[in-house]
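Note sheet for the following structure.
Every read-out reported here was derived from the displayed coordinates using simple, explicitly stated rules and does not represent laboratory data. Since the structure is predicted, the reported quantities are computational estimates derived from the model, not experimental observations. Glycine also receives a Cβ, built like all others from the backbone with ideal geometry; neighbour counts cover every protein chain displayed.
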């Protein structure tokens with residue numbers, strides 16, 4: 001099976017480390033981007049199975065980054081996107097889905113929720129199960 005690579009766009013280094021440790025358990029490679037701008041550049045040069053995107057970051061926010069990904073004219077426009085956020089607004093899930101996200105999980109990230117969301121999206125996309 002080919003190695004899976006996930007992009008995590010998140011400005012907080014500790015949050016990136018926690019998710020990296022979780023993905024390491026499943027031998028999933030994670031590429032980190034500390035800003036949406038860097039994440040979008042990485043998408044230009046890498047193939048990611050899934051993008052995990054924080055909503056609140058300095059500079060470009062996660063909703064805007066999702067819009068840029070969905071506006072692409074190549075296959076990367078259909079990359080599964082999971083929003084990873086601490087925001088608890090009542091309409092948050094609906095706003096994220098309307099913006100083009102496939103799913104939303106909340107911080108602090110629980111390993112089972114992360115793997116469940118990734119597994120669902122990969123199954124819908126026709127890829128092999130995560131674990």
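What's the center-to-center distance, using Cα atoms, between region 8-24 and region 60-125 in Å? Result: 15 Å between the Cα centres. Take the Cα of residue 21, go 7 Å toward its beta carbon, and the backbone nitrogen atoms of region 101-119 under 12 Å from that spot belong to 109, 111.
The relative contact order of the chain comes to 21 percent, based on Cα pairs under 8 Å that sit 6 or more residues apart. On full extension, the segment bounded by residue 45 and residue 106 gains 19.1 nm, given 0.36 nm per residue less the C-alpha separation.
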